[in-house]
Amino acid sequence: QVQLVESGGGLVQPGGSQRLSCTASGRIFRISAMGWYRQAPGSQRELVATITEDGGTNYARSVKGRFTISRDNAKNTVYLQMDSLNPEDTADYYCNANLWTSRATMVVNWGQGTQVTVSV
């Protein structure tokens, strides 16, 4: 079984920065795409950014130019560097990974989330 654990959330002032980390552990044969999603109270979960195994990235319009997703394959870790934060970025942030647990089995895993609050 595979577990994803996020860290790095907390309170940050508008205009500030925050770095989130997510590490996968367990039975992992190979990790394909990884990503970050977020969900504000009363809202749907939305895509923030994704990154392929080879480093290709995709961002939501709302964060493009402010957030940077990256990964360390040796550590099974994905990061989200968030700059120029505003109150609209306040949400629970979830890590996602598409991975192979064997040569024949691919699964999708989610972390339990880390809260980011942008406020004075």
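The values are calculated or read from the model by the stated rules, or taken from the named source; none is laboratory data. Here the structure is a predicted model, which means the values were calculated and not measured. We place every Cβ from the backbone using ideal geometry, glycine too, and count neighbours over all the protein chains shown. For the accessible areas, the whole protein counts, side chains as well, though only heavy atoms, and no ligand, DNA or RNA atoms are used. Shrake-Rupley method; radii C 1.70, N 1.55, O 1.52, S 1.80 Å.
Quick notes on this structure:
- Here R38 meets each of (1) open to solvent by less than 40 Å² (accessible area, probe 1.4 Å); (2) over 19 Å from Q115 (Cβ atoms); (3) charged (D, E, K, R) with one exception, condition (2).
- Among the residues of the range 54-100, the ones that are touching a strand residue (DSSP E or B) at 6+ places or on another chain (Cβ under 6 Å) and part of a strand (DSSP E or B) come to 24 in all.
- Matching residues in the range 68-111 - criterion: being hydroxyl-bearing (S, T, Y) and open to solvent by 40 Å² or more (accessible area, probe 1.4 Å): T68, S70, S84, T90, T105
- For the range 51-70, a tally of residues being closer than 17 Å to W100 by Cα and modelled with pLDDT of 95 or more returns 2.
- Strands (runs of 3 or more DSSP E) fully within the range 3-49 counting 2 or more residues that are more than 14 Å from T90 (Cβ to Cβ) and in contact with a strand residue (DSSP E or B) (Cβ under 7 Å, 6 or more places away or on another chain): 18-26, 30-39
- Checking V108 against (1) part of a loop (DSSP other than H, G, I, E, B); (2) without any contact (Cβ under 8 Å) to a residue 24 or more places away in the chain; (3) within 15 Å of V2 (Cα to Cα), the condition it does not meet: (1)
- Looking only at the range 23-35, and only at residues there that are open to solvent by 60 Å² or more (accessible area, probe 1.4 Å) and under 9 Å from L99 (Cβ atoms), the one that is nearest to the chain's Cα centre (by Cα): R30
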